[in-house]
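The values are calculated or read from the model by the stated rules, or taken from the named source; none is laboratory data. It should be emphasised that the depicted structure is a prediction, and the values quoted were computed from it without experimental measurement. Cβ sites come from the backbone with ideal geometry, for glycine too, and all protein chains shown count toward neighbours.
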Amino acid sequence: MARALGLCLCGILFFCGPAGAGVSALPEHPAGFTLLGGKSAAAQGPIAQMISPVSLPTINEEPRIATEVRPFFIYTSISDDFVTGGGHYAVAAVQARLAITDWLAFVASKDGYIWLRPDHVVGDDEGFANISFGLKGAVIQDEEAAFIASVGLRYDAPWGNRDVLQGRGDGALNPFLSVAKGFGDLHLEGYTGPRLAIADADSSFYDLSLHCDYRLGIFYPLVEFNWIHVIEGGGRLPIDQEGFDLVTIGATQAGGESVATLALGARVRLIDAVDVGVAGEFPLTERSDIIGWRITSDVALRFP
């Protein structure tokens, strides 16, 4: 755990070093990050004062429309009950979002490089992750009510390396709904949608993520709940365990199984255009599949 926390903190410092080089002190009151039009969150209203979720970054897509780059780092301790008997894997990646209009955005939410270090069954390896991309559109944006709802569709392309459990099958389609509501300094966000495998060899999933944070100046403590349900098992391996979010194993006996996790963490708004987040995540259910515990950190860099 200590090693993972150290790696995540190093990642945050690495990502933020250039961005924070010219910042002598944090603002006493948050000006908010910059979105379309170059206005601060305080100028734009309550929706812009919201923050992005931290955990489950490749799945939980927030509803707001923005242009941003978001490097993230994930360290996952593999459960001792998993088929590998434990181990760990790490992921370093960069997400990108481009606001095409004030209601439509292109999203590239999954890519990166994976270091896989299982204890047994397969050897250590590393390689590129699959790539997930698509569009999301805001169907409701109500600043006065501090409410936004978006729908989207992503394609998870099997372009990664097979040595790190990527690059198999024909990918998956992910239609989704994402909503957020503000109550003063309290913000709630929810995401839900299936990941529907195109090939029979891959498993299909249904995902639900809930996020809650409270704004204390530039500091946003947060709690997040994630639930992943296997709609239908695949046809690749005769086991009953799946890969949670990043990895799709194609387990033949995993259909109907679910894993729920809780994440605790915070975001800090360093300057108008930069948020830093970190969260620790652990299973709530007796069943955990691949995830023993996890640390996720990221830096959200938004542009006008």
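Tabulated data for the structure shown
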item: Every residue from the range 121-157 that is among the polar types (S, T, N, Q) and touching a residue at least 60 places away in the same chain (Cβ under 8 Å); result: Ser132, Gln141, Ser150
item: Positions within the range 146-155 being in a strand (DSSP E or B) and touching a Gly at 6+ places or on another chain (Cβ under 8 Å), in sequence order; result: Phe147, Ser150, Val151, Gly152, Leu153, Arg154, Tyr155
item: Residue in the range 258-269 that is farther than 15 Å from Ile51 by Cα, buried (at least 20 other Cβ atoms within 10 Å of the Cβ) and more than 20 Å from the chain's Cα centre (by Cα) present; result: no
item: Pair list, Cβ under 7 Å, 6 or more apart: the range 255-278 residue free of Cβ contacts under 8 Å to residues at least 60 places away in the same chain, other residue hydroxyl-bearing (Ser, Thr, Tyr) and buried (at least 22 other Cβ atoms within 10 Å of the Cβ); result: Ala266/Tyr220
item: Among residues of the range 148-182, those that are touching a strand residue (DSSP E or B) at 6+ places or on another chain (Cβ under 7 Å), surrounded by fewer than 18 Cβ atoms within 10 Å (Cβ to Cβ) and either closer than 30 Å to Cys212 by Cα or of a type outside the set (S, T, N, Q) (or both), counted; result: 10
item: Odd one out for Asp289 among (1) over 30 Å from Leu186 (Cα atoms); (2) in a strand (DSSP E or B); result: (2)
item: Evaluation of Ile228 against (1) at pLDDT 95 or above; (2) surrounded by fewer than 22 Cβ atoms within 10 Å (Cβ to Cβ) (one fails), failing number; result: (2)
item: Val139 touching a strand residue (DSSP E or B) at 6+ places or on another chain (Cβ under 9 Å) and under 19 Å from Leu208 (Cα atoms); result: no
item: Odd one out for Thr296, checked against (1) surrounded by fewer than 21 Cβ atoms within 10 Å (Cβ to Cβ); (2) under 22 Å from Leu116 (Cα atoms); (3) of a type in the set (S, T, N, Q); result: (1)
item: Options Gly217, Gly190; residue that is modelled with pLDDT of 95 or more, over 29 Å from Phe128 (Cβ atoms) and either surrounded by fewer than 22 Cβ atoms within 10 Å (Cβ to Cβ) or basic (Lys, Arg) (or both); result: Gly190
item: Residue within the range 156-170 that is of a type outside the set (Phe, Trp, Tyr), in a helix (DSSP H, G or I) and in contact with a Phe, Trp or Tyr (Cβ under 9 Å, 6 or more places away or on another chain) present; result: yes
item: Top-ranked residue in the range 80-115 [being in contact (Cβ under 8 Å) with a residue 40 or more places away in the chain and over 20 Å from the mean Cα position of the chain (by Cα); ranked as farthest from Ile239 (Cα to Cα)]; result: Asp102
